[in-house]
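Undergrad: Sharing a structure below in C-alpha coordinates format, with a few things to ask.
The values are calculated or read from the model by the stated rules, or taken from the named source; none is laboratory data. Remember, it's a predicted structure, so these values are computed and weren't measured experimentally. Methodologically, a virtual Cβ is constructed for each residue, glycine included, from the backbone with ideal geometry; neighbour enumeration extends over all protein chains shown. Surface accessibility is based on the protein's heavy atoms, side chains included, excluding ligands, DNA and RNA. Shrake-Rupley method; radii C 1.70, N 1.55, O 1.52, S 1.80 Å.
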Amino acid sequence: QVELAESGGGLVQAGGSLKLSCVASGRHFTDNVMGWYRQPPGKQRELVAYISSGGVLDYGNSVRGRFTISRDYTNNTVHLQMNSLKMEDTGIYYCYSPVRGITYWGRGTRVTVSS
(Lines give C-alpha, C1' and ligand atoms only; values in the text may rest on other atoms or scores of the structure.)
Protein backbone atom coordinates (compact mmCIF):
# COMPACT_ATOMS: atom_id res chain seq x y z
CA GLN A 1 0.00 0.00 0.00
CA VAL A 2 1.40 3.36 -1.05
CA GLU A 3 1.51 6.02 1.61
CA LEU A 4 2.87 9.54 1.78
CA ALA A 5 3.30 10.92 5.29
CA GLU A 6 3.99 14.58 5.92
CA SER A 7 5.46 16.12 9.03
CA GLY A 8 6.86 19.42 10.23
CA GLY A 9 3.89 21.74 10.09
CA GLY A 10 3.00 24.08 12.91
CA LEU A 11 2.55 27.66 14.02
CA VAL A 12 5.22 30.21 13.21
CA GLN A 13 5.47 33.98 13.19
CA ALA A 14 5.78 35.90 9.95
CA GLY A 15 9.40 36.03 8.88
CA GLY A 16 10.15 32.68 10.47
CA SER A 17 11.01 29.30 9.01
CA LEU A 18 9.66 25.77 8.96
CA LYS A 19 10.85 22.59 7.33
CA LEU A 20 8.35 20.05 6.06
CA SER A 21 9.20 16.45 5.29
CA CYS A 22 7.36 13.73 3.44
CA VAL A 23 8.24 10.06 3.58
CA ALA A 24 6.86 7.78 0.88
CA SER A 25 6.39 4.09 1.45
CA GLY A 26 4.90 1.10 -0.33
CA ARG A 27 6.94 1.39 -3.50
CA HIS A 28 10.07 3.06 -4.84
CA PHE A 29 9.54 6.66 -5.89
CA THR A 30 13.05 7.16 -7.19
CA ASP A 31 11.87 7.42 -10.80
CA ASN A 32 8.98 9.76 -10.08
CA VAL A 33 8.29 13.38 -9.40
CA MET A 34 7.66 14.28 -5.78
CA GLY A 35 6.48 17.61 -4.55
CA TRP A 36 4.16 19.80 -2.55
CA TYR A 37 0.82 21.47 -3.02
CA ARG A 38 -0.93 23.67 -0.51
CA GLN A 39 -4.49 24.72 0.13
CA PRO A 40 -4.96 28.11 1.78
CA PRO A 41 -8.18 28.59 3.77
CA GLY A 42 -11.12 29.06 1.42
CA LYS A 43 -8.99 28.69 -1.70
CA GLN A 44 -8.10 26.01 -4.20
CA ARG A 45 -5.10 23.77 -3.93
CA GLU A 46 -2.01 25.26 -5.60
CA LEU A 47 1.40 23.97 -6.58
CA VAL A 48 4.22 24.91 -4.23
CA ALA A 49 7.20 23.00 -5.62
CA TYR A 50 8.23 19.76 -7.23
CA ILE A 51 11.43 17.88 -7.95
CA SER A 52 11.87 15.22 -10.61
CA SER A 53 13.81 12.00 -10.52
CA GLY A 54 16.65 13.79 -12.29
CA GLY A 55 16.69 16.70 -9.89
CA VAL A 56 14.81 19.16 -12.09
CA LEU A 57 12.78 21.39 -9.83
CA ASP A 58 10.38 24.28 -10.03
CA TYR A 59 8.39 26.48 -7.69
CA GLY A 60 5.15 28.36 -7.60
CA ASN A 61 5.62 32.06 -8.24
CA SER A 62 4.53 33.06 -4.77
CA VAL A 63 7.22 30.98 -3.03
CA ARG A 64 10.14 31.20 -5.44
CA GLY A 65 13.21 32.56 -3.69
CA ARG A 66 11.85 31.74 -0.23
CA PHE A 67 11.22 28.00 -0.32
CA THR A 68 13.66 25.25 -1.22
CA ILE A 69 12.71 21.70 -2.16
CA SER A 70 15.14 18.85 -1.76
CA ARG A 71 15.01 15.11 -1.97
CA ASP A 72 16.61 12.05 -0.43
CA TYR A 73 16.26 9.42 -3.14
CA THR A 74 17.59 6.63 -0.97
CA ASN A 75 14.96 7.12 1.70
CA ASN A 76 12.02 8.14 -0.53
CA THR A 77 11.85 11.48 1.26
CA VAL A 78 11.19 14.99 0.04
CA HIS A 79 11.72 18.13 2.11
CA LEU A 80 10.47 21.68 1.85
CA GLN A 81 12.48 24.35 3.61
CA MET A 82 10.29 27.42 4.02
CA ASN A 83 11.95 30.70 4.92
CA SER A 84 10.68 34.26 5.24
CA LEU A 85 7.19 32.94 5.82
CA LYS A 86 4.26 35.22 5.20
CA MET A 87 0.71 35.09 6.51
CA GLU A 88 -0.44 34.13 3.02
CA ASP A 89 1.63 30.94 3.28
CA THR A 90 -0.92 29.66 5.78
CA GLY A 91 -2.65 26.49 4.66
CA ILE A 92 -2.55 22.74 4.56
CA TYR A 93 0.50 21.41 2.75
CA TYR A 94 0.17 18.15 0.86
CA CYS A 95 2.92 15.92 -0.41
CA TYR A 96 2.22 14.29 -3.78
CA SER A 97 3.71 11.98 -6.35
CA PRO A 98 2.25 11.07 -9.74
CA VAL A 99 2.94 7.46 -10.68
CA ARG A 100 1.76 5.99 -13.99
CA GLY A 101 -1.34 8.13 -14.22
CA ILE A 102 -2.22 7.93 -10.53
CA THR A 103 -1.42 10.80 -8.18
CA TYR A 104 -0.74 9.78 -4.63
CA TRP A 105 -1.37 12.30 -1.86
CA GLY A 106 -0.47 12.57 1.76
CA ARG A 107 -3.03 13.59 4.36
CA GLY A 108 -1.50 17.03 4.73
CA THR A 109 0.22 19.02 7.43
CA ARG A 110 -1.06 22.38 8.62
CA VAL A 111 1.09 25.49 8.49
CA THR A 112 -0.12 28.62 10.23
CA VAL A 113 1.81 31.87 9.93
CA SER A 114 0.83 34.53 12.43
CA SER A 115 1.52 38.26 12.37
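Undergrad: Considering only segment 44-68, how many residues are of a type outside the set (Ser, Thr, Tyr) and touching a residue at least 24 places away in the same chain (Cβ under 8 Å)?
TA: 5
Undergrad: Looking at (1) at pLDDT below 95; (2) under 18 Å from GLY108 (Cβ atoms); (3) not aromatic (Phe, Trp, Tyr), which one does THR74 not meet, given that it meets all the others?
TA: Condition not satisfied by THR74: (2).
Undergrad: Return the residues of segment 25-51 that are open to solvent by 20 Å² or more (accessible area, probe 1.4 Å) and assigned to a loop (DSSP other than H, G, I, E, B); say none if nothing qualifies.
TA: Scanning segment 25-51 gives GLY26, ARG27, HIS28, THR30, ASP31, ASN32, VAL33, PRO41, GLY42, LYS43, GLN44, ARG45.
Undergrad: Then there is this: Of all residues in segment 2-21 being of a type in the set (A, V, I, L, M) and in a loop (DSSP other than H, G, I, E, B), which is nearest to MET82 (Cα to Cα)?
TA: ALA14
Undergrad: Another question, then. Among GLY8, GLY60, GLY15, which is the only one that is within 12 Å of the chain's Cα centre (by Cα), farther than 15 Å from ILE92 by Cα and open to solvent by less than 70 Å² (accessible area, probe 1.4 Å)?
TA: Of the residues listed, the single one that is within 12 Å of the chain's Cα centre (by Cα), farther than 15 Å from ILE92 by Cα and open to solvent by less than 70 Å² (accessible area, probe 1.4 Å) is GLY60.
Undergrad: So, of the residues in segment 66-115 that are of a type in the set (A, V, I, L, M) and not in a strand (DSSP E or B), which turns out to be surrounded by the most Cβ atoms within 10 Å (Cβ to Cβ)?
TA: Within segment 66-115, the match that is surrounded by the most Cβ atoms within 10 Å (Cβ to Cβ) is LEU85.
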